[in-house]
Every structure is written in structure tokens, then in C-alpha cells.
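Some notes on the structure that comes next.
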Amino acid sequence: MDYWVSKELASVEKPKALKEWASAIKALEDGTQIFIMRKGGIVEETRDFQVESNDFFLYPTYEHQRKELLKESYQGVIDETLALWSAQDEQVTIRSYARMIEDIEINDGEQLHKLYPFHIWTENFTEERLRWKRKNPLHLMLLRVYRLAEPLHIPIEQAYIGCKSWIELGAEIPPDSSLVPVMSDEEFATQVAEIKRTLS
């Protein structure tokens with residue numbers, strides 16, 4: 001399986017970025033987990049989550065992080081991320097890029113419970129996400145994550161603000177030479193296989 005970033009979106013003028021808690025992005029960047037879960041943001045145009053791009057920057061958000069929704073061993077990461085952030089910041093620093101390998105739909109609590117060892121969140125948090133808009137599946141996005149050799153410092157635009165999952169970022173698609181995988185292909189393939197075996 002090819003886990004390298006595709007060039008399919010190289011011609012797009014404004015690549016996508018997926019907004020996620022800074023603490024969750026750190027977990028992706030250090031290899032603690034290889035997926036995120038999505039049901040949709042409050043102001044999604046379709047009122048449910050759609051995968052708008054398979055390749056995207058990871059855009060950190062800070063304001064709504066809550067320690068009680070992370071496992072105790074990972075709660076301190078929120079303080080670490082907040083130490084680098086101010087509500088008055090005019091720029092956002094983006095350190096990573098991702099390619100979605102697969103979008104797995106989760107429909108019941110039993111499946112969700114099986115995933116508990118593979119992520120940083122509490123069961124209450126993941127169960128709340130599953131229950132919200134109960135008729136819609138929870139998207140489990142398996143991500144191959146790369147660190148940017150040089151972090152991007154992007155001016156914060158009004159369009160980036162608000163509870164939405166996707167934004168169009170004023171930056172260029174990074175070349176392969178600037179992407180450093182957070183884990184080897186073998187390590188990533190092993191984790192993917194473990195998650196799929198757990199869900200089977």
C-alpha cells in the first residue's frame with residue numbers, strides 16, 4: 001500500500017485544512033494515534049460531515065479544548081498547547097499535513113468501545129460524538145501524518161473562524177521533500193491492521 005502523499009491536489013490554488021483540537025493534532029504528530037473522529041461542525045453547510053479532501057493541512061484550534069474529555073494521562077497536553085497560543089494571535093502555526101487513507105463509518109457504541117485503546121479521548125467524549133445527530137455515522141478518518149520541515153505561519157482570516165471542520169487555506173501544497181512522516185510505513189501499516197482487526 002502506498003502511504004505517500006498524492007499529488008492529485010497539486011493544482012488546487014487553495015488547499016484544504018481540517019480544524020482539530022491542538023491536543024489531538026499533537027497526538028497525531030507524535031504517533032499516539034492515527035485517526036480522528038468527525039460528525040460535523042456546528043455551522044457545516046450540509047449540517048453533517050463530508051470529506052472534502054483526502055490531503056490536507058491540520059489546523060490547530062485551542063479555545064474549546066477540555067481536559068475532562070481527554071484521558072487523564074494526556075490532559076497535560078492541553079496546557080502545553082495553550083502555552084503556545086493567545087486569543088490575540090494574528091497568525092496560526094501549522095506544523096503538519098495529512099493524507100486520509102480510509103474513512104470508516106462507526107454506527108454503534110460497541111464498535112466505538114473497541115477503539116478505546118487507540119486514542120486519547122475519554123469514553124464520554126467519543127460516545128457524545130456518536131450520539132450527536134444519531135442517524136448519521138461517526139467518521140473514523142485514518143490518517144497518514146507528516147510533519148512539515150518548516151512550519152507554516154498563516155495570517156488568521158475571518159473565514160477560518162467558527163465551528164466548521166474545513167477551511168480553504170492560503171498556502172501552497174507542500175512538496176514531498178518538505179514532508180517528514182511521523183512514523184515508518186511499517187509502523188503505520190501495523191497500526192492500521194490492528195484497528196481494522198479490532199473492528200472486524
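What follows draws every value from the coordinates through simple rules; no lab data is involved. None of these values were measured; they are calculated from a predicted model. Heads up, the Cβs are rebuilt from the backbone with ideal geometry, glycines too, and the neighbour counts pull from every protein chain shown.
Dipole of region 16-199 (Lys/Arg Cβ +1, Asp/Glu Cβ -1, origin at the Cα centre): which of Thr93, Leu152, Trp132 lies farthest to the positive side?
Going by the charge dipole, the pick is Trp132.
To the nearest Å, what is the center-to-center distance of region 125-200 and region 17-32, using C-alpha atoms only?
Result: 7 Å between the Cα centres.
What relative contact order, as a whole-number percentage, does region 16-199 give when Cα pairs under 8 Å and 6 or more residues apart are counted?
Relative contact order for region 16-199 comes out at 33 percent.
Would you mind checking which residues have amide H under 5 Å from Glu20's amide H? H placed 1.01 Å from N; only 5 or more apart, or other chain.
Tyr59, Thr61
Of Lys16/Lys135; Lys39/Lys135; Lys39/Lys67; Lys26/Lys71; Lys39/Lys196; Lys164/Lys196, which ones are farther than 18 Å apart at the Cα?
Lys16/Lys135; Lys39/Lys67; Lys39/Lys196; Lys164/Lys196
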